[in-house]
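The values are calculated or read from the model by the stated rules, or taken from the named source; none is laboratory data. Just so we're clear, the structure is a prediction, and the values are computed from it rather than from any experiment. Quick reminder, even Gly has a Cβ in these numbers, built from the backbone with ideal geometry, and neighbours come from all protein chains shown.
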Amino acid sequence: MPVEAKPLFRPRVVRPRLRAFAPERDLAEGRERLRAWSELLASPAADRQTEQELLPDFLTDVFYRVLGYPGPSGGGGTYTLSRERHVEVDGKLVNEACGLTAEEVDLMWRTAPPRMPIAPPCEEG
């Protein structure tokens with residue numbers, strides 16, 4: 001059965017932003033922020049930081065400032081982007097809620113791609 005294609009951006013959200021768009025100013029500011037992130041992520045400094053350390057500033061710069069997504073404090077009561085939440089089910093984090101065993105979690109950490117954004121949990125011993 002075919003799946004209905006939905007637009008990536010909602011027109012009622014995009015239209016007001018396009019009307020206020022000033023290419024010379026807005027593109028220059030956005031390019032500078034993206035260039036700074038590109039340099040940081042290509043540098044050894046990024047390897048010394050975790051995803052949790054980088055994510056808040058990355059989301060703020062790219063999605064709020066460059067792309068113009070409104071957040072909860074943007075006014076108007078509606079917003080299109082919210083921060084990641086740690087999902088708990090019956091007081092358990094997602095790996096426990098999915099029924100993953102300690103061995104399966106350990107296997108995921110051992111076989112993860114070489115440039116993991118966060119360090120594996122400390123082993124108790």
Can you find a residue that is at pLDDT 75 or above, in a helix (DSSP H, G or I) and out of contact with any strand residue (DSSP E or B) (no Cβ under 7 Å at 6 or more places or on another chain) anywhere in region 65-78?
yes
Out of all the residues in region 24-40, is one or more in a loop (DSSP other than H, G, I, E, B), of a type in the set (Phe, Trp, Tyr), free of Cβ contacts under 8 Å to residues at least 60 places away in the same chain and under 19 Å from Arg65 (Cα atoms)?
no
